């Protein structure tokens, strides 16, 4: 798709034009499909450019609504960007200035809070709206605030905004997170790289997206020890400089595409991935009876006629990711037996359950655990997406459901999947986007 056409689509999605995905279920998926760049790695890296003046070139950047939102956010600070091609972005921060991160943008995407740390580090003050995003569950910002306070910042909540101040600059400190938090780790890491002295982050998130951010910051001149581990040591430097970077593959998109093969009894190879980032997910596919072939940059999944039941517990990386919970719930809805899924990360991330039930899934939720009794078949029906990963789960269920499934409110889908319907169609799915 041409960049200008994709931008036009982004504008429509931004106004929540009610596109729908229509699926005629029952086709087994076969073929090869490429995975795009990671949304969750791109967003903090885009925020990190605020730390140093100059030009940056980022490649393998996914063309997604969340990326578009972050670019709009950067524009509020005088940062300009262009796309010489669909998946390359050139960013110029030479006209950058401090400004407020407003509610109208932050409310649409929680990752907007990533600008808090870089702005505070660069200017000694920052004002960022409390975030929004998916409409399920409280995801408090207290870990971000405590981490910045440990670096010497004063942080207040003022009429719906986080107002942070460090007029004399940030200074190194020790932060020990009560729970592992990707967002808080990323924010504190960006704030710490130019703080005076040494900063230690205990119980840091170990997700590949944090590794990608730390690697990018290192390329900018930061001194970080322990990348990939739960204990990060940051030696503050006075100045950073621009750097180029290639975005890592999106492990959640890869897992979703493999789940599409698994749920339809298909045979699909996903390329341009890092199988090492998918360890826990691939293990669960094997538990479901799938046969896997791995190379350095690809995974091929051959599905059984019907998935085997299993127990899934979401955990911080390298455990099973919460962002794959909904997709596996769709898969286990047609498993040959009873399964359970417990989400220990977000206890109420089950808004997709009611919609899967409309398709005939037998699911009961108690607290943070879903009990799924696999059905021999699902039936197509109109359903409504409630968040990003729920959108993907409903599409997966629609691929195997008899008759037609119509998934509405797919602007959620466009936040995190680039043309997912086109990729599935190329594998043999009967699926199309319908616009009013």
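Since every read-out is calculated from the coordinates, none of them should be taken as a lab result. From a predicted model like this one, the values you see are computed outputs, not experimental measurements. All Cβ positions, glycine included, derive from the backbone under ideal geometry; neighbour counts span all protein chains shown.
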Whole-number percent relative contact order across the chain, with pairs defined as alpha carbons under 8 Å at least 6 apart: 21
Label point distance in nm, residue 158-residue 308, each placed 7 Å from Cα along Cα→Cβ: 5.9
Exposure proxy ranking, count of Cβ atoms within 10 Å, fewest first, for 72, 311, 284: 311, 72, 284
Relative contact order computed over the stretch 39-246 (Cα-Cα under 8 Å; 6+ residues apart), in percent: 20
Whether the stretch 39-246 is rounded, prolate or oblate, judged on the alpha carbon gyration tensor where a/c under 1.5 counts as rounded: rounded
Three-way shape label, the chain, alpha-carbon gyration tensor, a/c 1.5: prolate
The stretch 291-436: antiparallel DSSP beta bridges as a percent of all, rounded to 5: 60
Estimated FRET transfer efficiency (residue 292, residue 225; beta-carbon r; R0 45 Å; 0.05): 0.85
Mean Cα-pair separation over length for the stretch 18-103, i.e. relative contact order, pairs under 8 Å, 6 or more apart, %: 28
Gaussian network model of the chain, Cα within-10 Å springs - most flexible of 324, 310, 18: 18
Most mobile listed residue (392, 191, 246) in the chain, GNM with C-alpha springs under 10 Å: 246
Antiparallel content of DSSP bridges confined to the chain, in %, to 5: 70
Förster radius 41 Å - calculated FRET efficiency between residue 196 and residue 406, Cβ distance, rounded to 0.05: 0.10
Förster-model FRET efficiency, 45 Å R0, residue 235 and residue 369, C-beta, rounded to 0.05: 0.55
Helix-only [θ]222 nm of the chain, DSSP H runs n ≥ 4, -39500 (n - 2.57) each, per residue, nearest 500: -9000 deg cm²/dmol
C-alpha long axis of helix 3-14 to longest principal axis of the chain, angle in °: 90
The chain: most fluctuating residue of 157, 248, 175 per GNM, C-alpha cutoff 10 Å: 157
The stretch 53-95 shape via C-alpha gyration tensor axes, a/c threshold 1.5: oblate
Fewest-first sequence of 82, 421, 100 by Cβ atoms within 10 Å of each Cβ: 82, 100, 421
Gain upon complete extension [residue 98, residue 85; 0.36 nm per residue less C-alpha separation]: 1.8 nm
